[in-house]
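Following: one structure in structure tokens, then a few remarks.
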Protein chains: 2
Amino acid sequence: MRALIVEDDARIADLVASALSAAGFRTETVGDGDTAWFQGGTEDYDLVILDLGLPRLDGLTLLKRWRGEGRAFPILILSARGTWSERVEGIEAGADDYLPKPFMVEELTARARALVRRAAGQVQTVHRVGALAIDTNRMTVTRDGLPVALTPLEFRLLSYLLLNRDRTVAPSELLDHIYGTEDGREANAIEAVITRLRRKLGAGAIETRRGFGYRLGTDP
Amino acid sequence: MRALIVEDDARIADLVASALSAAGFRTETVGDGDTAWFQGGTEDYDLVILDLGLPRLDGLTLLKRWRGEGRAFPILILSARGTWSERVEGIEAGADDYLPKPFMVEELTARARALVRRAAGQVQTVHRVGALAIDTNRMTVTRDGLPVALTPLEFRLLSYLLLNRDRTVAPSELLDHIYGTEDGREANAIEAVITRLRRKLGAGAIETRRGFGYRLGTDP
DNA sequence: CCCGAATTGTCAGCGAACTGTCAGCTTCGT
DNA sequence: ACGAAGCTGACAGTTCGCTGACAATTCGGG
């Protein structure tokens, strides 16, 4: 889960970032509208937290432009001015939810989760790769139709490979994405997880490209 | 099955309309209280979805007027402001159910179906899961035919798992849905309720997927 | 208004599952 | 054939979830 935080007040940005991190998101923060426009236009996020009072490019304008471009990520608006008409305006412009400041962090994380769930519920979440069927919504995996029990870490790793199944993913990249920005594990940790995954999914499920990294196996 | 959707936000109205259509309803949408009052007064519906924040005629007033006229269709209230007192007020005014925004469309359709069934006098609200029979209308549970006494909290938790029985529900999601947006409990509170439920329903009734969450046991 | 019972949140200890590390082995590319 | 990269089994530290006990809160009745 990747979240973009668009907020010029550094204190609030930090608050939001730590709250979302605790809720399982990986967060990136930008402080002005121009940068946000660029980031949101080129990267894919699962959630965007958008402050309306921004320097250089107004939040509402930014929102409309993104939607005009067909960007579909869920957007949650933060605003100091909590009037009803402004809320309606935000929703009409394509926001998915609206939270007036000041807010409780619990409420923020609760709504963030709800948004992501809602967005996820509307897309097809079953992906087939060889003999595997991976349901990212129910968080289940079957192999030749039989359910396979994965641990959370294994599932996260598999999901990331699935998300990038068209290319080879370097171990260092896996380290970055599977774990938060926490303290560093030895690179070998990834290999251990790969081994455990292969034991459960079959040897051909994940292929190694020596010197580069891993990718989902195209065939058994 | 004919449903009237009273909602001024076009995006939400569309969402609700498509969800109900998929659930087998014929839908009509109106965007303000006056028109709704006319439609609901002259036509017969099997279900009305009512937004409280309406232009021209407030939702609650509309509801009371309809009931005062003897209109008996089931009414499901949608509201952004999810306070408990408001919910009580809506129910007292004659609403049959209440759903706070943001909501999941699955939950909406599930409740809509339940309302219609209830109104039709078909007591088809008994769900069977393994040895359990759960009556969401009379709020009773039997295990192998013998009644089981659940506390309100236990029943709410069980109901939510029942509503989402096809997937694994994260503890944090349970926290969000079982309790209002009230002050935060420790996550451990959920575990305590689960333990008490298992003692009453049998160990296999609720299964744990470590690291992911809970789901209703498919079999003993 | 007070008392007792039922309900429900919190805490601490325990056991099991998860996962990082290490050491030795295998495999691959040159 | 050799070295580096990757694999894997074993092991141990840590986390996660379960549960019994207790406390706080709610609710109903007298």
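Ranked by how many other Cβ atoms sit within 10 Å of their own Cβ, fewest first, the residues B:159, A:21 fall in the order A:21, B:159. Sequence-ordered 3J(HN,Hα) estimates for region A:45-62 from the Karplus curve with 6.51, -1.76 and 1.60 and θ = phi - 60° stand at 10, 8, 6, 10, 9, 10, 8, 7, x, 10, x, 6, 7, 5, x, 5, 4, 4 Hz, glycine and proline given as x.
The C-alpha radius of gyration of region A:126-216, expressed as a fraction of 2.2 N^0.38 Å, stands at 1.03.
Neighbour counts of C-beta atoms inside 10 Å place A:9, A:166 in the sequence A:166, A:9, starting with the fewest.
Restriction of the trypsin sites (Lys or Arg not before Pro) in region B:42-73 to DSSP coil positions whose beta-carbon has at most 15 other beta-carbons within 10 angstrom yields B:56. Projected label points at residue A:34 and residue B:172, each 7 Å from Cα along the beta carbon direction, are separated by 3.5 nanometres. Each copy carries a label point for residue A:167 at 7 Å from Cα toward Cβ; from one copy, the others' points are 2.9 nm away, ordered from shortest.
Provide an ascending nm list, one decimal, of label-point separations from residue A:64 to the equivalent residue in each further copy; define each label point as 7 Å from Cα along Cα→Cβ. Reported distances to equivalent positions: 3.9 nm. Label-point spacing at residue A:186 relative to the other copies reads 3.6 nm, in ascending order, each point sitting 7 Å out from Cα along Cα→Cβ. If R0 is taken as 35 Å, the Cβ-Cβ distance between residue A:58 and residue A:163 corresponds to a FRET efficiency of 0.60. With R₀ fixed at 56 Å, the C-beta to C-beta distance from residue A:21 to residue B:65 puts the FRET efficiency at about 0.70.
Taken together, the values in this text are just the output of simple stated rules run on the coordinates, not laboratory data. Every value quoted in this text rests on a predicted model; they were computed, and no experiment measured them. Don't worry about glycine lacking a Cβ; one is built from the backbone with ideal geometry, like all the others, and counts go over all protein chains shown.
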